[in-house]
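Report on the structure given below.
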Amino acid sequence: MAGKVRIAIIGAGAVSDYHHVPGIKIDRRAELAAVCDPNEKLLEQRQHDWGPTKRTTRYEDIAADPDIDAVIIATPNFTHKPIALACIAGGKHVMCEKPLVQHFSEAREMYRAADQQDVRHMTAFTYRFAPSMLYLRHLVYSGGLGVPRHFRSQRFLDWPETSWSWRQSKSLAGAGDLFDMTIHRIDYAQDLMGDMTSICGAVAQFVPRDKFADGTPSPPSEVDDWSALICQFDRGGVGVLEGTTLAKGYHFDGFGHDWAEVNGSEATAVYQLKEPNTILVGRHGQSLQKVDVPEQFLKPVGSPRDPRQGVPSTVFRYDLVYEFVSAIVEKRAAVPGFDAGAKAQAVADAVLVSSEKKTWVAIDAALA
């Protein structure tokens with residue numbers, strides 16, 4: 001591609017401000033070319049925050065703009081599919097926040113459309129890019145842990161018990177903690193251990209969230225604030241995943257408790273979000289010991305990010321954009337693509353079915 005990759009942000013909220021725009025700003029191969037959001041006041045604010053760009057309240061304008069090469073979709077869950085399909089039809093490369101959609105069949109439709117149009121597609125599974133996760137993956141695939149046997153993750157957050165706005169509506173969000181947080185763990189569990197073949201899952205709601213932070217009434221929550229599953233992987237391993245937004249005392253500077261481990265036949269290794277530049281490792285007869293993540297795993301090769309600058313639990317997120325732009329420039333598949341997003345969605349859908357029917361559910365995530 002000649003010149004810079006011209007990227008439009010669709011959805012100018014906190015996620016774009018926190019993850020995506022900083023990633024664009026540090027990548028010399030890319031530029032922020034346009035911003036789209038239905039909130040005119042927010043668009044005006046972003047012109048000040050991010051610098052002057054094209055701006056519009058209609059995603060259709062972005063999809064039809066010949067001066068836009070790629071888009072990042074960071075809008076509410078229920079809007080992802082129409083925006084993505086319009087931009088794909090317009091020949092744009094697309095990175096979309098998770099969950100891709102609210103049902104596997106829709107995620108598969110997005111994947112097929114992007115594949116047929118031959119545009120790069122990416123699911124914004126942030127934690128794949130944490131240095132300790134990159135190194136954990138290396139240990140798994142290089143045989144450093146022996147044969148992987150067990151996967152285990154915990155995502156415990158200490159959030160206020162006030163309204164999540166649209167995120168607590170089933171018709172708009174699909175699910176709560178399951179689609180917002182546990183789906184990340186589903187994704188990297190499958191990246192580490194292979195595809196899940198069957199699961200037994202459950203969701204629960206403990207608080208009504210019927211008031212906003214200022215005390216005014218809100219429609220009560222319809223979605224889960226706790227989710228969990230037991231799974232079997234196609235490579236023979238097993239896993240246990242749990243997430244909650246109601247774990248009092250698990251604040252940790254706003255990052256919460258995010259723990260993932262693989263127990264292998266030779267060793268165990270543990271990722272923690274609060275210390276992403278270190279990893280815990282232990283062998284038979286030993287106790288887990290903290291070690292530094294080796295230099296070559298602190299960031300993807302070529303990333304412009306300085307891993308020693310900024311808050312470690314924040315700055316690795318900028319590498320999402322680096323991977324997206326690299327895939328566009330190098331004309332290769334982005335990782336993780338819509339295929340990974342669809343596979344994770346199939347599992348999350350199955351958790352809701354399993355919880356309702358109180359039984360094991362087989363996973364069918366065929367994309368062809």
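Quick notes on this one:
- Among the residues making up the stretch 231-247, those that are assigned to a loop (DSSP other than H, G, I, E, B), touching a helix residue (DSSP H, G or I) at 6+ places or on another chain (Cβ under 7 Å) and within 14 Å of ASP195 (Cα to Cα) are ARG235, GLY237.
- The stretch 87-126, residues that are on the phi > 0 side of the Ramachandran plot and either touching a helix residue (DSSP H, G or I) at 6+ places or on another chain (Cβ under 9 Å) or of a type outside the set (Asp, Glu) (or both): GLY91
- Matching residues in the stretch 29-74 - criterion: being in a loop (DSSP other than H, G, I, E, B), under 24 Å from the mean Cα position of the chain (by Cα) and of a type in the set (Lys, Arg): ARG29
- Cross-chain or 6+ apart pairs with Cβ under 6 Å, the stretch 78-99 first and outside the structural domain of GLY11 (by TED's automatic domain parsing), then among the polar types (S, T, N, Q) and assigned to a helix (DSSP H, G or I): none
- Residue under evaluation GLY243, criteria (1) touching a Phe, Trp or Tyr at 6+ places or on another chain (Cβ under 6 Å); (2) of a type in the set (Gly, Ala, Ser); (3) within 30 Å of GLY310 (Cβ to Cβ), criterion not met: (1)
- Subset tally (residues that are over 21 Å from LEU320 (Cβ atoms) and either surrounded by 12 or more Cβ atoms within 10 Å (Cβ to Cβ) or in contact (Cβ under 8 Å) with a residue 40 or more places away in the chain (or both)) for the stretch 59-75: 6
- Taken over the stretch 307-333, the criterion of being touching a helix residue (DSSP H, G or I) at 6+ places or on another chain (Cβ under 6 Å) and surrounded by fewer than 23 Cβ atoms within 10 Å (Cβ to Cβ) is satisfied by ARG317 alone.
- The residue that is farthest from ALA365 (Cα to Cα), among those in the stretch 174-197 that are outside any helix (DSSP H, G or I), touching a strand residue (DSSP E or B) at 6+ places or on another chain (Cβ under 8 Å) and among the small types (Gly, Ala, Ser), is GLY176.
- Boolean, TYR250 is under 18 Å from TYR127 (Cβ atoms), modelled with pLDDT of 95 or more and in a loop (DSSP other than H, G, I, E, B): yes
- Applying the set (1) in contact with a helix residue (DSSP H, G or I) (Cβ under 9 Å, 6 or more places away or on another chain); (2) assigned to a helix (DSSP H, G or I) to ALA228 leaves exactly one unmet item: (2).
- Complete set of residues in the stretch 100-119 that are assigned to a loop (DSSP other than H, G, I, E, B), surrounded by fewer than 23 Cβ atoms within 10 Å (Cβ to Cβ) and in contact (Cβ under 8 Å) with a residue 60 or more places away in the chain: GLN102, HIS103
- Which numbered condition ALA365 fails, given (1) within 30 Å of HIS93 (Cα to Cα); (2) modelled with pLDDT of 95 or more; (3) small (Gly, Ala, Ser); (4) touching a helix residue (DSSP H, G or I) at 6+ places or on another chain (Cβ under 9 Å): (2)
- Some residue of the stretch 148-161 being of a type outside the set (A, V, I, L, M, F, W, C) and closer than 27 Å to VAL329 by Cα: no
Matching residues to (1) in contact with a Cys (Cβ under 8 Å, 6 or more places away or on another chain); (2) aliphatic (A, V, I, L, M):
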site	(1), (2)
VAL321	no, yes
VAL329	no, yes
PRO336	no, no
GLY341	yes, no
GLN345	no, no
ALA350	no, yes
LYS358	no, no
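- Qualifying residue in the stretch 152-172 (condition: part of a loop (DSSP other than H, G, I, E, B), assigned by TED's automatic domain parsing to the domain that holds TRP259 and crowded, with 22+ Cβ neighbours inside 10 Å): no
- Just one of the numbered conditions (1) over 20 Å from SER105 (Cα atoms); (2) small (Gly, Ala, Ser); (3) not assigned by TED's automatic domain parsing to the domain that holds MET193 is not true of GLY337: (1).
- Answer residue from the stretch 334-360, given it is surrounded by 22 or more Cβ atoms within 10 Å (Cβ to Cβ) and among the β-branched types (Val, Ile, Thr) and is nearest to ILE186 (Cα to Cα) among those: VAL347
- Residues satisfying the stated conditions in the stretch 196-218, i.e. of a type outside the set (A, V, I, L, M, F, W, C), under 14 Å from GLY176 (Cβ atoms) and surrounded by fewer than 16 Cβ atoms within 10 Å (Cβ to Cβ): PRO208
- Residue count for the stretch 1-11, restricted to those that are part of a loop (DSSP other than H, G, I, E, B) and buried (at least 24 other Cβ atoms within 10 Å of the Cβ): 1
The values are calculated or read from the model by the stated rules, or taken from the named source; none is laboratory data. Everything numeric here is computed off the predicted structure, so don't read it as measured data. Every residue, glycine as well, gets a Cβ built from its backbone with ideal geometry; the counts of neighbours run over all protein chains shown.
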